[in-house]
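Coordinate-derived values only; no laboratory data. Everything numeric in this text was worked out from a predicted model, so none of it was measured. Counting neighbours? That spans all protein chains shown, and the Cβs are built from the backbone with ideal geometry, glycine included.
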């Protein structure tokens with residue numbers, strides 16, 4: 001049984017300009033990014049690349065409609081390499097642009113076409129959450145199904161992941177925090193995944209310890225402290241990505257997708273709503289498994305008893321940014337049944353990766369509890 005793989009090369013530079021010189025950016029590069037990153041970091045360099053600004057195609061997270069419009073606009077562009085400079089939206093989109101002959105992304109997500117990679121892929125993350133620079137996963141809202149879907153295939157793996165702390169410096173605090181919480185969810189879900197093993201748990205542990213340490217100091221010293229730890233958070237997010245890229249995630253992500261897909265809640269924020277409630281249920285159902293190690297890890301860093309770690313984690317995160325009731329996003333009580341059905345219908349890939357199985361009634365109860 002395979003325990004671990006990492007096919008992506010990982011590089012680090014202080015500045016984007018250093019990366020552009022080292023990677024010899026040229027007219028054969030398709031750069032997918034956003035204007036607020038292009039103008040300060042790329043425009044001054046006079047790069048000959050073909051640039052696509054994601055925000056021109058719509059706000060928020062990627063959807064099938066957004067990506068299909070982008071694909072159509074670059075039909076006549078010749079390129080050998082895709083370079084993603086951005087957060088989760090840009091990265092998830094860019095991964096699909098390496099697929100041969102792709103016209104409609106829904107065909108890829110529903111696996112109606114062969115997934116063949118025929119371009120090189122280089123990813124520069126500008127948030128500290130997705131870890132997507134080292135995973136084989138792309139997520140998009142499939143509007144016809146009113147949910148998000150994930151496509152996992154090694155054809156989507158980046159050839160190079162490049163960490164540049166200066167690209168993270170301008171991220172507003174709420175986006176930074178939801179991004180970092182997302183990374184913490186990745187590491188924690190990966191730790192208890194059925195695919196978890198001694199190699200992946202090394203990365204999970206380092207990510208959890210670093211992120212919680214930063215959070216504790218942010219609560220003590222204020223928001224500006226994050227600027228002192230940009231490098232650490234980029235690496236922690238990358239560690240979490242390496243871990244869940246090998247093990248997968250579970251119910252936190254599965255339950256968050258209908259909320260995100262229906263009410264356009266950003267990915268990290270949606271995961272935050274379900275994080276500790278799912279783990280409380282996991283712990284209640286099987287406290288004697290590998291979750292004991294997670295409980296002990298959090299108890300040590302949060303200085304609390306192992307039985308109180310998820311309440312303590314809620315308190316820490318809540319002091320940094322408040323967790324909302326699901327109704328605050330517009331969700332209606334009668335949608336509990338529909339969300340539950342959507343999870344069971346579209347997220348079996350994730351539910352099969354749970355620490356312990358959840359029944360329909362248990363999933364419904366989590367939505368009711370958080371509503």
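Over all Cα pairs of region 173-370, how is the pair count split among 5 Å bins, expressed in % and running from 0 up to the last occupied bin?
Reading the bins upward from 0: 1, 8, 17, 21, 21, 17, 10, 4, 1, 0.
Roughly how far apart, in whole Å, are the Cα centres of region 1-71 and region 134-168?
One Cα centre to the other: 13 Å.
Looking at region 175-258, I'd like the Rg to Rh ratio, where Rg is from alpha-carbon atoms and Rh is Kirkwood's inverse mean 1/r.
We get a ratio of 1.00 for region 175-258.
For the residue pair residue 36 and residue 345, what label-to-label distance in nm results when each label sits 7 Å from Cα along the Cα-to-beta-carbon direction?
3.5 nm
Got a sec? How would 76, 204, 49 order by Cβ neighbour count within 10 Å, fewest to most?
In order of increasing Cβ crowding within 10 Å: 76, 49, 204.
Taking the square root of 5 times each eigenvalue of the Cα gyration tensor, what semi-axes in Å does the equivalent ellipsoid of region 9-168 have, largest first?
Square roots of five times the eigenvalues give 24, 16, 15 Å.
Please provide three numbers in whole Å: the alpha-carbon extents of region 211-262 along the principal axes, with the largest listed first.
Principal-axis extents of region 211-262 (Cα, largest first): 35, 27, 15 Å.
Rounded if a/c is under 1.5, else prolate if a/b is larger than b/c, else oblate: which is region 292-371, with a ≥ b ≥ c the root eigenvalues of its Cα gyration tensor? Kindly include the intermediate steps, with their values, before the conclusion.
Details: a/c = 2.88, a/b = 1.46, b/c = 1.97.
Cα axes put region 292-371 in the oblate bin.
Calculate for the chain the 222 nm mean residue ellipticity that helices alone would give, adding -39,500 (n - 2.57) per DSSP H run of length 4 or more and normalising by residue count, nearest 500 deg cm²/dmol. Write out the running numbers ahead of the final one.
Working: 14 runs with 176 residues, N = 371.
Calculated at 222 nm, the ellipticity per residue is -15000 deg cm²/dmol.
Which FRET efficiency, nearest 0.05, do residue 319 and residue 43 yield, Cβ-Cβ r, R0 25 Å?
Efficiency computed from Cβ-Cβ geometry: 0.05.
Give the relative contact order (percent, whole number) for the chain; include only Cα pairs under 8 Å separated by 6+ residues.
16 percent
Separation between the residue 202 and residue 280 pseudo-spin-labels, each 7 Å from Cα along Cα→Cβ, expressed in nm?
Spacing of the two 7 Å Cα→Cβ label points: 3.6 nm.
Can you give me the Rg/Rh ratio for the chain, using Cα atoms for both radii and the Kirkwood formula for Rh?
Looking at the chain, the ratio lands at 0.95.
May I have the convex hull volume per residue, in Å³, for the Cα set of region 148-202?
Enclosed volume per residue, from the Cα hull, is 152 Å³.
I need the fraction of alpha carbon pairs in region 81-184 separated by more than 18 Å, rounded to a whole percent. Walk me through the intermediate numbers first.
On the way: 2559 of 5356 pairs.
Roughly 48 percent, rounded to a whole number.
Describe numerically, in nm with one decimal, the distance between label points set 7 Å from Cα along Cα→Cβ at residue 369 and at residue 216.
Each label point is offset 7 Å from its Cα along the Cβ direction, giving 2.6 nm.
At a Förster radius of 22 Å, what calculated FRET efficiency corresponds to the Cβ-Cβ distance of residue 72 and residue 17, to the nearest 0.05?
0.10
What does a probe at residue 224 reach in region 176-212, counting residues whose amide N is under 20 Å from the point 7 Å along Cα→Cβ?
Correct set: 176-177.
Starting from the Cα-Cα distance between residue 292 and residue 159, subtract it from 0.36 nm times their residue separation and give me the gain in nm to one decimal.
Full-extension gain reported as 44.3 nm.
For residue 50 and residue 3, what does the FRET efficiency come to when R0 = 45 Å and r is the distance between their Cβ atoms, rounded to the nearest 0.05?
On the way: r = 40 Å, r/R0 = 0.89.
After rounding to 0.05, the efficiency reads 0.70.
Step by step: find N for region 1-99, compute 2.2 N^0.38 Å, then divide the Cα radius of gyration by it. What's the final number?
Cα-based Rg divided by the globular estimate yields 1.15.
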